[in-house]
Each structure stands twice: as C-alpha cells, then as structure tokens.
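Below is one structure, written out as structure tokens, with a few remarks after it.
The values are calculated or read from the model by the stated rules, or taken from the named source; none is laboratory data. Not measured: the values here are computed from a predicted model. Glycine also receives a Cβ, built like all others from the backbone with ideal geometry; neighbour counts cover every protein chain displayed. For accessibility, only protein heavy atoms count, side chains too; no ligands or nucleic acids. Shrake-Rupley method; radii C 1.70, N 1.55, O 1.52, S 1.80 Å.
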Amino acid sequence: MRYRLIGVVLLAVALGLTSDAFATASNLLNVLRQASLIFLSASGLTLVIVGAGLDLSVGANLGLSACFVAAAVKSTGALSLGFVAGLACGITVGMLNGLMVTKLRLPPFIATYGMLWMLYGVNYWYMKGDTIYGFPPQFRALGSGDLLGIPIPVYLMAAALLAGGIFTRYTTFGHEIYAIGANVEAARLSGIPVGSRLILLYTVSGAMAGLAGVVYLARLNSAEAGIGTPLLLPAIAAVLIGGTSLFGGSGGLAGTMIGAIILTLVVNGMNLLGINSNWQPLVTGVIILLAALIDSVTRRHAELRA
C-alpha cells in the first residue's frame, strides 16, 4: 500500500512538472470524480476477486442498469424509481452470476463472460438503437454536481470505502471472504457456508455495478446500448493495480481506490500532454499485465519463503 501511495505522489509530481493545467483545482477535482466512478464499478469486483472469483459482467451490468434507469426516469420523472430500477437490475444480474458459479458449478470466467454477452444482447434489444438523454438537474447532480466544492461521486466513493472497510475488517463474513479466497476447501471444512457466501459476494458486485450505472448515467446525461462497454477494463485494472491478487485471499478496497486514482492520473496525463486517445487502451493493458506479473512474482516468492 505504501509503495502505491508513493507511486501516486510521484506520478502527480511528474504531471505537475510537465503540464501547467494538471495542478489546477478543476483538473484535480475532475481526476477525483473520474476515479470515484471507476472505484464504484470496481469495488464489488474487488470483493469477488478476494474470494477467488471473477466478474467479467460488471461493465455490461452497469450499462444495462443505466439504460433501465434512463428509461424509468425519462418516462415517469421519478428519480427514486430510476434508482430502484438500477439497483434491482444490478442485484438480479449479480445473484444470477452467483447461482451459476455455485449451483451450476460453472467456472467464474465462463459464467460471467457468458453473462456479459447475454446482457449486451438484452441491452441492444431493449434500446433498439435509441439514445435516451436529457435528465432533470436533480438527477444529474449525482454524477456532475458538487457539495461544498467536492464532487458528489467522491462522497459516494468515501461511503463505499468506509462501509467496505468495516465489512471486511470487523465482520465474520468479511473474514470468511479472505478464508474462501485463500483456500476454498479449507474454508468449507471449517464450516464456512461457501456457496451462500459466494452468492452474496456476486450479488454485492452486481449491486455496486447498478449504483455505478446510476452515477455514470447522471454524469453523461445520456444512455445508449453500449454505455458500459468502456468500463470493464478500467475496473479490472484498478483492482489489480491496487494489489488485490487474482488468486484470491488478499487485497482490499483501499488498494482499489488507489489503483483507480493511479489509472485516472495516467489517462488524465495523456490527455493533458496531447497523446492520442487511441493509445489509452494499450497503456491500460500494459498496466494490467505489469500488475498481474508483480502479483504472480510476489506470490511465488511468498510460497518459496514458506
């Protein structure tokens, strides 16, 4: 964690020295706003990966939830109904993922990858090529508004981080997640109800994707079928950069928050320096590979020392 914080500082200093626009208040607040959106979509995914699972449907779930929210808010004008629609969609998808992994015993990669494509199909059918746009200012404030000079999504990120920290540190369920991720058979033999815990983990991941869909829609002020497509890769990158092991059993939300900030700083710096945006996916992919390599080497060294 300490080295990642140092990395954030060094990256910020480097960008401050190379771009006069970086250290402005508006740009720094924009970095926090963008990082908070990535964190919200990656927070539930973090817990799933800690439990030795994987949820590749996060981006598609977010996109479908956002479109349901858009339709509900646009047709009824009821913000609360839109919020409920987004969460209900996210929770339902997450629960289905958990059931496929635990009851059907499908590998998490296969189950959630298949769900990704199913959600894309449903979303393209549901939207029929339309774009829904133009929402009330009260709704848009969730994604683009400020409170006391701080972007509202940053408050949501802080609330999710606090709740997740309490959950993982101070509850039995939180400790069981790490036990499942470290050794699922040992966890089962020790009496942990692995199946129900995994279902709940995937449900939480789905709920956070639904919440992120609400915030992302409020930020963009428009919804179309592919709205969630660009968010899966940054979510996975934030988790890995933050130090959560793909093998399960280690990591946490604080690291994911730092990972989201690092990733946002990299993209923000590329934009400020005028680097072609077509390079951004390549850079993100390289960062993911480096994070996975570091995780693998660290794990191998730990096994040798043991």
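Here are the numbers for this structure:
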{"item": "Single residue of the stretch 157-193 satisfying the filter (without any contact (Cβ under 8 Å) to a residue 40 or more places away in the chain and β-branched (Val, Ile, Thr)) that is farthest from Thr256 (Cα to Cα)", "result": "Ile192"}
{"item": "Cβ-Cβ under 8 Å pairs, at least 6 apart or on other chains, the stretch 33-50 side touching a residue at least 24 places away in the same chain (Cβ under 8 Å) and over 13 Å from Leu62 (Cα atoms), far side among the basic types (Lys, Arg) and in a helix (DSSP H, G or I)", "result": "Arg33/Arg219"}
{"item": "Cβ pairs under 7 Å, 6+ apart, first in the stretch 91-106 and in contact (Cβ under 8 Å) with a residue 40 or more places away in the chain and closer than 24 Å to Ser65 by Cα, second open to solvent by less than 40 Å² (accessible area, probe 1.4 Å) and of a type in the set (D, E, K, R)", "result": "Asn97/Asp55"}
{"item": "Any chance Ser41 is crowded, with 24+ Cβ neighbours inside 10 Å, out of contact with any Lys or Arg (no Cβ under 7 Å at 6 or more places or on another chain) and at pLDDT below 95", "result": "yes"}
{"item": "The stretch 261-272 residues that are open to solvent by less than 40 Å² (accessible area, probe 1.4 Å) and at pLDDT 90 or above, paired with ones that are of a type in the set (S, T, N, Q) and assigned to a helix (DSSP H, G or I) (beta carbon under 6 Å, 6 or more apart)", "result": "Thr264/Gln34"}
{"item": "Boolean, Gly249 is surrounded by 13 or more Cβ atoms within 10 Å (Cβ to Cβ) and in contact with a Phe, Trp or Tyr (Cβ under 7 Å, 6 or more places away or on another chain)", "result": "yes"}
{"item": "Residue within the stretch 26-33 that is in a helix (DSSP H, G or I), open to solvent by less than 30 Å² (accessible area, probe 1.4 Å) and more than 12 Å from Val266 (Cα to Cα) present", "result": "yes"}
{"item": "Selection count, the stretch 217-234, where residues are farther than 17 Å from Leu45 by Cα and hydroxyl-bearing (Ser, Thr, Tyr)", "result": "1"}
{"item": "Verdict on Ser65 being out of contact with any His (no Cβ under 8 Å at 6 or more places or on another chain), of a type outside the set (A, V, I, L, M) and free of Cβ contacts under 8 Å to residues at least 40 places away in the same chain", "result": "no"}
{"item": "Helices (runs of 4 or more DSSP H) contained in the stretch 155-248 and holding at least 2 residues under 21 Å from Thr92 (Cα atoms) and under 16 Å from the mean Cα position of the chain (by Cα)", "result": "194-220, 232-241"}
{"item": "Residue check, Ile150 touching a residue at least 60 places away in the same chain (Cβ under 8 Å) and among the β-branched types (Val, Ile, Thr)", "result": "yes"}
{"item": "Residue count, the stretch 109-144 (criterion: in contact (Cβ under 8 Å) with a residue 60 or more places away in the chain and not acidic (Asp, Glu))", "result": "20"}
{"item": "Matching residues in the stretch 155-179 - criterion: being farther than 12 Å from Arg197 by Cβ, surrounded by 12 or more Cβ atoms within 10 Å (Cβ to Cβ) and among the aliphatic types (A, V, I, L, M)", "result": "Leu156, Met157, Ala158, Ala160, Leu161, Ala163"}
{"item": "Test for Gly94: is it under 15 Å from Gly206 (Cβ atoms) and either open to solvent by less than 20 Å² (accessible area, probe 1.4 Å) or of a type outside the set (Val, Ile, Thr) (or both)", "result": "yes"}
{"item": "Any chance Met257 is within 26 Å of Phe109 (Cα to Cα), of a type in the set (A, V, I, L, M, F, W, C) and modelled with pLDDT of 80 or more", "result": "yes"}
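Per-residue answers, yes or no, for (1) modelled with pLDDT of 95 or more; (2) part of a helix (DSSP H, G or I):
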residue: Asp20; (1), (2): no, no
residue: Ala23; (1), (2): no, no
residue: Ala35; (1), (2): no, yes
residue: Ser80; (1), (2): no, yes
residue: Ile91; (1), (2): yes, yes
residue: Met95; (1), (2): yes, yes
residue: Leu99; (1), (2): yes, yes
